[in-house]
1. Hey, could you get me the Stokes-Einstein D for the range 1-80, Kirkwood radius over alpha-carbon pairs, 4 °C and 1.567 mPa s, rounded to whole µm² s⁻¹?
2. What size of dipole, in debye to the nearest 20, comes out for the range 1-103 about its Cα centre when the only charges are +1 on Lys and Arg C-beta atoms and -1 on Asp and Glu C-beta atoms?
3. Set the Förster distance to 30 Å, then compute FRET efficiency between residue 121 and residue 217 from the Cβ-Cβ distance, nearest 0.05.
4. Based on the mean of other Cβ atoms within 10 Å per residue, sort peptides 45-52, 3-10, 196-203 so the most packed one is first.
5. Using a 1.4 Å probe over the heavy atoms of the protein chains, calculate the carbon and sulfur portion of the accessible area of the chain as a whole percent.
6. Between 49, 18, 181, whose Cα lies farthest towards the positive end of the dipole of the chain when Lys and Arg beta carbons carry +1 and Asp and Glu beta carbons carry -1, centred on the Cα centre?
7. Could you compute how fast the chain diffuses translationally, taking Rh as the Kirkwood radius over C-alpha pairs and applying Stokes-Einstein at 4 °C with viscosity 1.567 mPa s? Give it in µm² per second.
8. What accessible area per residue comes out for the chain, rounded to a whole number of Å², with a 1.4 Å probe?
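The values are calculated or read from the model by the stated rules, or taken from the named source; none is laboratory data. A quick note: this is a predicted structure, and the numbers were derived from the prediction, not measured. Cβ atoms come from the backbone with ideal geometry, glycine included; neighbour counts cover every protein chain shown. Quick note on the areas: whole protein, heavy atoms, side chains included, nothing else; ligands and nucleic acids left out. Shrake-Rupley method; radii C 1.70, N 1.55, O 1.52, S 1.80 Å.
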Amino acid sequence: MLSILYIDDYLVVVHKPANMLVHKSMIDRHETEFLMKILRDQIGQYVYPVHRLDKPTSGVILFALSPDVARLLAQQFELHTIQKEYIAVLRGFAPERIAIDYALKEQLDPIADKKAKQDKAPQEAQTDMLKLAELSLPIAVGRYPGARFSLVKLFPKTGRKHQLRRHMGHISHPIIGDTNHGDGKQNQFARDHLNFSKLALCATKLSFTHPSTQQPMICETALEDDFQALVDLFYPLS
């Protein structure tokens with residue numbers, strides 16, 4: 001059973017578990033469980049996606065319950081009037097605050113995107129980051145005598161594919177558990193010493209305007225248990 005954060009006659013907001021696909025994909029043809037199918041069966045009606053979360057990312061995701069509502073919500077995403085907030089754990093001591101403005105070349109899958117234009121120019125991409133806390137452990141990792149991590153909030157201003165993971169890699173503070181843009185030694189350290197083997201990225205908050213009532217909506221979710229245990233290490237009891 002999925003955790004439903006909000007539902008009415010127009011839309012539904014749920015918590016997407018980590019490592020679950022939103023919908024069937026040629027990239028992961030072996031997968032048999034998809035968020036859209038599980039949600040459809042759970043609420044007894046079809047749902048229409050209006051944005052996405054990467055497979056390893058957990059957190060808040062919004063679906064429309066009709067094509068018209070999907071179109072209205074998609075317009076809000078296109079106009080960047082929807083605000084998204086994420087929690088992440090990064091390698092190293094990140095800056096206190098940083099506004100990243102770094103264009104990203106669209107990542108195309110050789111199977112799913114084989115008909116897509118291959119020579120598109122990089123797309124503008126912006127992410128704001130705020131550091132919440134630091135963690136230092138006196139355990140060697142790779143060539144470093146100790147391990148350092150940062151707990152941060154991320155605020156994407158655009159919605160490019162893998163934007164947060166690529167932007168954190170760009171500033172040399174990759175997200176823990178990121179196998180594509182991250183640090184393999186740090187990921188192994190997290191598995192061995194922090195008991196954490198997923199991607200340390202969760203969409204915790206989504207703010208938007210209700211397409212029917214025009215009321216402001218704020219939907220939030222809690223971290224999954226293993227992610228919360230990782231975050232708790234940053235705030236040891238005194």
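1. 100 µm²/s
2. My answer is approximately 260 debye.
3. Taking R0 as 30 Å, the efficiency between residue 121 and residue 217 is 0.30.
4. 196-203, 45-52, 3-10
5. 50 percent
6. Value computed over the given set: 181.
7. 68 µm²/s
8. Value for the chain: 54 Å² per residue.
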